[in-house]
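**Student:** Handing you this structure, nothing more for now.
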Amino acid sequence: MCTVLVTYDENNKIAQSLMYVLSKTKGVEIDDDAILTDEELRRIDEARKSGICTDIDRLQAYLKSQYAS
């Protein structure tokens, strides 16, 4: 199983709808009370600050360029 942290605005109706659909998907478990360790929080903060491939289009272009090599 793969764990993913999702952050979204609770007032965003589309995000709420997507989370609802995801919660109804077979094999998906959503833990609203997930508590992150200090190490996990530090790693998330470092990832955010790194700025590496924050734009999905740039990430896709990068992956395509690496695949073509």
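**Student:** Exactly one condition in (1) more than 20 Å from Cys2 (Cβ to Cβ); (2) outside any helix (DSSP H, G or I) is not met by Asp45; state its number.
**Tutor:** Single failed check for Asp45: (2).
**Student:** Ok, one more. So how many residues does the stretch 11-31 have that are more than 23 Å from Ala47 (Cα to Cα) and assigned to a loop (DSSP other than H, G, I, E, B)?
**Tutor:** Our first condition is that a residue be more than 23 Å from Ala47 (Cα to Cα); within the stretch 11-31, this holds for 11-14, 16-29.
This time we only want the ones that are assigned to a loop (DSSP other than H, G, I, E, B), so: 11-12, 24-29.
Counting residues in the stretch 11-31 that are more than 23 Å from Ala47 (Cα to Cα) and assigned to a loop (DSSP other than H, G, I, E, B) gives 8.
**Student:** Select from the stretch 9-66 the residues that are of a type in the set (Val, Ile, Thr) and under 15 Å from the mean Cα position of the chain (by Cα) and write down the one among them that is modelled with the highest pLDDT. If you could, list the steps in order and put the result at the bottom.
**Tutor:** Keep residues of the stretch 9-66 that are of a type in the set (Val, Ile, Thr), which gives 14, 21, 25, 28, 30, 35, 37, 44, 52, 54, 56.
Cutting the leftovers down to under 15 Å from the mean Cα position of the chain (by Cα) gives us 28, 30, 44, 52, 54, 56.
Values: Val28: 87, Ile30: 83, Ile44: 79, Ile52: 66, Thr54: 61, Ile56: 72.
Here the answer is Val28.
The values are calculated or read from the model by the stated rules, or taken from the named source; none is laboratory data. Keep in mind that what you see is a predicted model, and the values were worked out from it rather than measured. In this analysis, Cβ positions are derived from the backbone assuming ideal geometry, glycine residues included, and neighbour counts consider all displayed protein chains.
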